[in-house]
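**Q** For reference, the structure I am asking about is given below.
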Amino acid sequence: MPGSVPPPSATEVDDAASPPVAVSGPAHLLRVTLLMAGSCLPILGAVLIAPVLPKMQDHFASVPGAKALVPLALTVPALALAVLAPFAGVIVDRLGRKRLLVVATLLYAVFGTAPLWLDSLGAIIASRALVGVAEAAIMTCCTTLIGDYYSGQRRVRYLALQTMCASASATVFFVLGGAAGSAGWRVPFFVYAVSLVLAPLMATALPSPAPRAAAVRTPSDRARRTFPWRQLGGICALTFFGAMVFYTVPVEMSYLLDDLGVRNSGMIGLATAIASAATVGGAVAFARLGRSPDPLLPAVLTVCAVGFGLMFLAGNAPLLVAGAVVNCVGTGMLLPALLTSAMSRLAFADRGRGTGLWTAAFFGGEFACPLVLLAGEAAVGSLARAVGVLGLAAALVAGGLWTAARRQGEAVGPRPSPEQVA
């Protein structure tokens, strides 16, 4: 179970950021749109080709091991992203956020469209791994730039918007992939070329961030500054667990419905869409609350646990969907809460590396989610029971966080809200 997450000191919260940027007008709107679009590219990589996997399976049926290799085309980008995001974070801090973002967005189009002309299944899987490399840089850069450009409540709002866009885009990309795949399994790979439009816009419309003058330190100050490993380690461990909670419904909903006798793909799609809408609603609720994320985490995880409990007890599809909706309201709040909490612990000079570590933890949890539930199903006898065990774990984590927060509150007093963070 993840350990408690200690709050940062006042000097560690947003102690450095870029010079103020416009927060209204066309330039601001374009900047936010580009950051949100860039944040959706890893989601596109994760779900776009899911509907065409059976057609790919048929095409490569003569390849030894194709039954195991074809699904890797879908999952290997997430694994590459999880492994390489920390390294992308180090590069972000050393070479600059904007430059790496533009280069990675161009490479995303090159690697993403490669299966259009590749005939080897092994080469296609390799190109998909390279997509994950580009995604690691893109996701780290976009999230880091949100932290650079904005602070306080604005940062909370845009990190929540990032979650909303990612959740909504997953449904859109799944439908788009299915529609394009009707013309052939290669056709959805054309969509990756959209990043060729985004890259030049990012190069011209995104300002290059720099530390505020007040945050510039002398060489001796920089030598004394250390990376907040302990504080970020706690939130990354919690994020790994939170990612498993976050992805359980999207990954397992169809199997849970199938176990209840629901096999109509239209009904399964509708149920998944309803749950996805609840995730967006949770992210909106988090942004409107305008509170510091750490005190909310126990309550949010409790909501997730209640949803899992209902899904475990469900003997029919309506109750299962109701439990999924409750859970997804919680996960919609969970992701921006975790990300905002991590960002508040990072100085400007550490923000890329810290964001890379957080991204690795999140996508590592995503990759582990189906494996953990598969092992749980084998241990307890059914997928519904495995979901119930995960709900119990979420409740225990929530209790641990609440206890730790209560003890820390008695020792150091309340943490400032986002509006008080400069």
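The values are calculated or read from the model by the stated rules, or taken from the named source; none is laboratory data. Owing to the predicted nature of the structure, the values given are computational and were not obtained by experimental measurement. Note that we place each Cβ from the backbone using ideal geometry, even for glycine, and neighbour counts take in every protein chain shown.
**Q** For VAL175, state whether it is surrounded by 15 or more Cβ atoms within 10 Å (Cβ to Cβ), β-branched (Val, Ile, Thr) and modelled with pLDDT under 80. Working first, answer last.
**A** Working: surrounded by 15 or more Cβ atoms within 10 Å (Cβ to Cβ): no; β-branched (Val, Ile, Thr): yes; modelled with pLDDT under 80: yes.
No, not satisfied.
**Q** Select the helices (runs of 4 or more DSSP H) contained entirely in segment 262-349, then report the ones holding at least 2 residues which are small (Gly, Ala, Ser), over 17 Å from THR239 (Cα atoms) and without any contact (Cβ under 8 Å) to a residue 40 or more places away in the chain. Steps first, answer last, please.
**A** Values: elements: 265-289, 293-313, 317-343.
By residue number, 265-289, 317-343.
**Q** Then there is this: Listed residues ALA78, ALA123, ALA104; which is part of a helix (DSSP H, G or I), in contact (Cβ under 8 Å) with a residue 40 or more places away in the chain and small (Gly, Ala, Ser)?
**A** ALA78
**Q** Here are the criteria: (1) touching a Ser or Thr at 6+ places or on another chain (Cβ under 9 Å); (2) at pLDDT below 75. Tell me which single one GLY266 does not satisfy.
**A** Going through the list (1) touching a Ser or Thr at 6+ places or on another chain (Cβ under 9 Å); (2) at pLDDT below 75, GLY266 breaks only (1).
**Q** Could you tell me which residue of segment 138-154 is surrounded by the most Cβ atoms within 10 Å (Cβ to Cβ), considering only residues that are among the hydrophobic types (A, V, I, L, M, F, W, C) and touching a Lys or Arg at 6+ places or on another chain (Cβ under 6 Å)?
**A** My answer is CYS141.
**Q** Being farther than 22 Å from ALA160 by Cβ and within 21 Å of the chain's Cα centre (by Cα) narrows it down to one residue among PHE308, PHE312; which is it?
**A** Working: PHE312 fails: within 21 Å of the chain's Cα centre (by Cα).
Testing whether each residue is farther than 22 Å from ALA160 by Cβ and within 21 Å of the chain's Cα centre (by Cα) leaves just PHE308.
**Q** For ALA180, which of the numbered conditions (1) modelled with pLDDT under 85; (2) within 20 Å of the chain's Cα centre (by Cα); (3) farther than 19 Å from LEU338 by Cβ fails to hold?
**A** Unmet for ALA180, out of (1) modelled with pLDDT under 85; (2) within 20 Å of the chain's Cα centre (by Cα); (3) farther than 19 Å from LEU338 by Cβ: (2).
**Q** Which is of a type in the set (S, T, N, Q), more than 14 Å from ALA160 (Cα to Cα) and surrounded by 17 or more Cβ atoms within 10 Å (Cβ to Cβ), of THR239, THR279, THR331?
**A** THR239
**Q** Determine if segment 164-180 includes at least one residue that is part of a helix (DSSP H, G or I), aliphatic (A, V, I, L, M) and in contact with a Lys or Arg (Cβ under 8 Å, 6 or more places away or on another chain). Spell out how you get there, then give the answer.
**A** To start, the set of residues in segment 164-180 that are part of a helix (DSSP H, G or I) comprises 164-180.
Narrowing the set further to residues that are aliphatic (A, V, I, L, M) leaves 164, 166, 168, 170, 172, 175-176, 179-180.
Then drop every residue that is not in contact with a Lys or Arg (Cβ under 8 Å, 6 or more places away or on another chain), which leaves none.
Checked segment 164-180: no residue is part of a helix (DSSP H, G or I), aliphatic (A, V, I, L, M) and in contact with a Lys or Arg (Cβ under 8 Å, 6 or more places away or on another chain).
**Q** Which residue is modelled with the lowest pLDDT, if the candidates are limited to segment 348-387 and must be out of contact with any helix residue (DSSP H, G or I) (no Cβ under 7 Å at 6 or more places or on another chain) and among the hydrophobic types (A, V, I, L, M, F, W, C)?
**A** Once the filter is applied, the top-ranked residue is LEU371.
**Q** Follow-up question, since we're still on this one. Tell me yes or no: at least one residue of segment 388-409 is over 24 Å from the mean Cα position of the chain (by Cα), modelled with pLDDT of 90 or more and among the polar types (S, T, N, Q).
**A** No, segment 388-409 has no match at all.
**Q** While we're here: Return a yes/no flag: does segment 384-392 have any residue that is assigned to a helix (DSSP H, G or I), more than 15 Å from PRO250 (Cα to Cα), charged (D, E, K, R) and out of contact with any strand residue (DSSP E or B) (no Cβ under 8 Å at 6 or more places or on another chain).
**A** Yes, segment 384-392 contains a residue that is assigned to a helix (DSSP H, G or I), more than 15 Å from PRO250 (Cα to Cα), charged (D, E, K, R) and out of contact with any strand residue (DSSP E or B) (no Cβ under 8 Å at 6 or more places or on another chain).
**Q** Identify, please: which residue in segment 198-218 is modelled with pLDDT of 50 or more and not in a loop (DSSP other than H, G, I, E, B) and is, among those, surrounded by the most Cβ atoms within 10 Å (Cβ to Cβ)?
**A** By that ranking, first place goes to MET202.
**Q** Could you tell me which of the residues ALA317, ALA305 is modelled with pLDDT of 85 or more, touching a helix residue (DSSP H, G or I) at 6+ places or on another chain (Cβ under 9 Å), surrounded by fewer than 24 Cβ atoms within 10 Å (Cβ to Cβ) and of a type in the set (Gly, Ala, Ser)?
**A** The unique qualifying residue is ALA317.
**Q** Given the conditions (1) in a helix (DSSP H, G or I); (2) touching a Pro at 6+ places or on another chain (Cβ under 6 Å); (3) not polar (S, T, N, Q), which single one is not true for ALA361?
**A** (2)
**Q** Condition test on LYS55, is it surrounded by fewer than 20 Cβ atoms within 10 Å (Cβ to Cβ), basic (Lys, Arg), touching a Phe, Trp or Tyr at 6+ places or on another chain (Cβ under 9 Å) and more than 21 Å from PHE240 (Cβ to Cβ)?
**A** For LYS55, the condition - surrounded by fewer than 20 Cβ atoms within 10 Å (Cβ to Cβ), basic (Lys, Arg), touching a Phe, Trp or Tyr at 6+ places or on another chain (Cβ under 9 Å) and more than 21 Å from PHE240 (Cβ to Cβ) - is met.
**Q** While we're looking at this one, here's another question. Taking the conditions exactly as written (within 30 Å of PRO207 (Cβ to Cβ), in contact with a Phe, Trp or Tyr (Cβ under 6 Å, 6 or more places away or on another chain), among the aliphatic types (A, V, I, L, M) and surrounded by 20 or more Cβ atoms within 10 Å (Cβ to Cβ)), does ALA82 satisfy them or not?
**A** yes
**Q** Here is a list of conditions, (1) over 17 Å from PRO42 (Cα atoms); (2) out of contact with any Phe, Trp or Tyr (no Cβ under 7 Å at 6 or more places or on another chain); (3) crowded, with 19+ Cβ neighbours inside 10 Å, and PRO77 meets all of them except one; can you say which number that is?
**A** That leaves (1) as the condition not met.
**Q** Can I ask one more? Select, from SER182, SER208, SER167, the only residue that is within 23 Å of ILE274 (Cα to Cα) and out of contact with any Leu (no Cβ under 6 Å at 6 or more places or on another chain).
**A** SER167
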